[in-house]
Each structure stands twice: as C-alpha cells, then as structure tokens.
C-alpha cells in the first residue's frame, strides 16, 4: 500500500470547493437547456412526415409545426410531388 501522508487534504478540499463554485452556474445553465430537449423532440416528432421510406424521412411540416389536419400520406408519399407545406430538412 502506498503512503499518502504527503497529500494536502485541506488544499485539495479547497480546490474542489473552488471548482464547484466556478462551474455551478454553467451546470445550472446546462440543466435548464437539457430540460428543453424533450419538448423540442416532441415538436420535431409532431412535424415529421412519419415515413421511414426514402426522401420522406427528411420531410417536416412548415417551420417544424404540427400539421393539424394536413397529415402526410405515407402510402402515396411524394408520388404527385412534395405535399404542400412539407419541406426537406
């Protein structure tokens, strides 16, 4: 077993506390941003075409908005052109 008597535990503790204070704001900001991720993911999912085939996978409605009654028809897809309001992203 190695001898650890030379380690300055008080100094180490102070440094840990300093780092905690230094990064406390950054960690808080990251938590706030992370809390927004689920809502953003839901917004993307609601605007997505819902199709996993070909270029349909990259089609989203409007500016990532919920299409309301304007649902993407995964059966017909883009056979008659890109559906109105859908954009490749």
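The values are calculated or read from the model by the stated rules, or taken from the named source; none is laboratory data. Here the structure is a predicted model, which means the values were calculated and not measured. With ideal geometry, Cβ positions are generated from the backbone for all residues, glycine too; neighbour counts draw on all protein chains shown.
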Determine whether residue 64 is assigned to a loop (DSSP other than H, G, I, E, B) and either surrounded by 10 or more Cβ atoms within 10 Å (Cβ to Cβ) or out of contact with any strand residue (DSSP E or B) (no Cβ under 9 Å at 6 or more places or on another chain) (or both). yes
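Sort through 45, 26 and tell me the only one that's under 30 Å from residue 89 (Cβ atoms) and part of a helix (DSSP H, G or I). Let's see the steps before the verdict.
Numbers: 26 fails: under 30 Å from residue 89 (Cβ atoms).
Checking each option against the conditions leaves just 45.
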Single condition residue 7 does not satisfy, out of (1) modelled with pLDDT under 90; (2) under 18 Å from the mean Cα position of the chain (by Cα): (2)
Residue that is surrounded by the most Cβ atoms within 10 Å (Cβ to Cβ), among those in segment 45-60 that are out of contact with any strand residue (DSSP E or B) (no Cβ under 6 Å at 6 or more places or on another chain) and touching a residue at least 12 places away in the same chain (Cβ under 8 Å): 56
